[in-house]
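What follows is a short report on a single structure.
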Amino acid sequence: MVTIEGTNSARFEPLRAALAAHLECGDELGASIAVDVDGVMEVDLWGGHADAQRTVPWGEDTLVNLWSTTKTLSSLAALVLVDRGALELHRPVAHYWPEFAARGKQDIEVRHVLAHTSGLSGWEQPFTVDDLYDHAKASARLADQAPWWKPGTASGYHMQTQGQLVSELVRRVSGRTLTEFVTTEIADPLGADVQIGAREADWSRIAELVPASQALDLPADLDPEAVFTKTLLGSPARDEHVDTPRWRHAELGAVNGHSNARGMVRALSAISRRGEVNDGRLLSPETVDKVFDVQADGIDLFLGVPVRWGIGYAIADVRTMPHMPTGRICFWVGHGGSIVMMDLDRRVTFAYTMNKLGAGILGSERTHRYLRHVYEVLDAAN
């Protein structure tokens, strides 16, 4: 019998049962789920194992690599700077980073970077994971690169480049690395166990990431000039790089955040609660409202599915996230299924992190099942 640790209010018992069922049948290896309702943590659950051999229990403070759910933290860091007036969404990136104006990029604005519409969805080849680990080199390569489509006209998911672009902007305007900024301006004030990269002192509590058994099936006749192909080949980080010292030491603001569901909920509830955190405020309501300024709405050039992009986050869309209702809801997901969802209408934040990766473009089957249970409970209360 699987033991689920943590607490949940009675109304969220079906969510606890769903986590137990996935752990029992082996769909999950280890996982955590959290739900905050207007500042009250109604769900804080974890269970399973932190290693593939099932010898180390997933504990209360277990961390895991987030893959692209990391972007929710990087975007939050950018919004903090927007709120303080250090960054302006409609100002050219080159205003803060002059070298970025090269090769026709002088009109690309900060909002284009946050909404995946800048045309820089990958690095031009050749570009290796060693280059990715070299922050200065990775930034310089993007600054010297021409966009792959007209900026602002369409989205093409910046799978691994968005973190680099945001990180460089944070460094230019704050004088701190993104890792430092997230720690000092988000994690510490909010009591959120989140970080970009991972401090060596925390390595012992990081769960081992286990790739999905189903490999990505790519056609043999990929168009080498297509945005999809160029983005995939120009995004060098792969599953085998995770859980290595170089990965954890790096600052990869798109893919190497480390946290758990509780940590992510504590950080991102600042969006759901329109800037309120603990007894204070991280963002103004006006800054949070900017998240829902739609920048692109259509088939994403890389993902191949419809995505409605706001500022820093995707906006709920039943075309691709059928278990999210319409309304003021934003979210993003990570490779394998992790998710953070912020529902401003209900002031609810939901997060799910796991170490066994699932299949799917925007979340796994497990992601969607947990999400469905969350909204069944919330809808029953209305």
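Here the translational diffusion coefficient of segment 202-295 follows from Stokes-Einstein with Rh set to the Kirkwood radius across Cα pairs; for 10 °C and 1.306 mPa s it amounts to 92 µm²/s. Put in line by how crowded their Cβ is, counting other Cβ atoms within 10 Å and starting with the fewest, 111, 319, 347 read 319, 347, 111. In this simple spin-label approximation, residue 131 and residue 284 carry label points 7 Å from Cα along the Cα→Cβ vector, and these lie 4.1 nm apart. Cβ crowding within 10 Å ranks 161, 153, 353 as 153, 161, 353, fewest other Cβ atoms first.
Highest mean packing first, where packing is the average number of other Cβ atoms within 10 Å per residue, the peptides 128-139, 32-43 line up as 32-43, 128-139.
Residues of segment 104-144 with amide nitrogen under 17 Å from the 7 Å Cα-to-Cβ point of residue 90? Output list for this probe position: 107-115. Restricting the calculation to Cα atoms, segment 302-382 shows an Rg/Rh of 0.94 when the hydrodynamic-style radius is the Kirkwood one. The HN-Hα couplings worked out from phi for segment 106-114 by the Karplus form 6.51 cos²θ - 1.76 cosθ + 1.60 (θ = phi - 60°) are 5, 9, 5, 9, 4, 4, 5, 5, 6 Hz, whole numbers, x standing for Gly and Pro. Between residue 38 and residue 176, the FRET efficiency estimated from the beta carbon spacing at R0 = 30 angstrom works out to 0.45. Here r is the Cβ-Cβ distance between residue 293 and residue 361 and R0 is 30 Å; the resulting FRET efficiency, rounded to 0.05, is 0.80.
Relative protection proxy for 324-335, 79-90, from highest mean packing down: 324-335, 79-90 (other beta-carbon atoms within 10 angstrom).
Backbone phi angles across segment 232-237, fed through the Karplus curve with coefficients 6.51, -1.76 and 1.60 (θ = phi - 60°), yield HN-Hα couplings of 4, 6, x, 10, x, 5 Hz in residue order; Gly and Pro are listed as x. Per-residue 3J(HN,Hα) values for segment 292-299, derived from phi via the Karplus relation 6.51 cos²θ - 1.76 cosθ + 1.60 with θ = phi - 60°, read 9, 7, 5, 9, 7, 8, x, 5 Hz in sequence order (x marks Gly and Pro).
This ranking places 150, 105 by how few other beta-carbon atoms lie within 10 Å of each, fewest first, which gives 150, 105. Note on residue 56 and residue 239: the model spin-label points, each 7 Å out from Cα along the C-beta direction, lie 1.9 nm apart. Could you state, as a whole-number percent, how many of the C-alpha pairs of the chain are farther apart than 28 Å? Result for the distance tail: 40 percent.
Once backbone amide H atoms are built at 1.01 Å from N, residue 31 has 47, 49 as its partners under 5 Å, excluding neighbours fewer than 5 places away on the same chain.
Between the helical axis of 161-174 and the longest alpha-carbon principal axis of the chain there is an angle of about 80 degrees.
Here, each number is a calculation from the coordinates, and none is a lab measurement. Keep in mind that what you see is a predicted model, and the values were worked out from it rather than measured. Ideal geometry is used to build each Cβ from the backbone, glycine not excepted, and the neighbour counts take in all protein chains shown.
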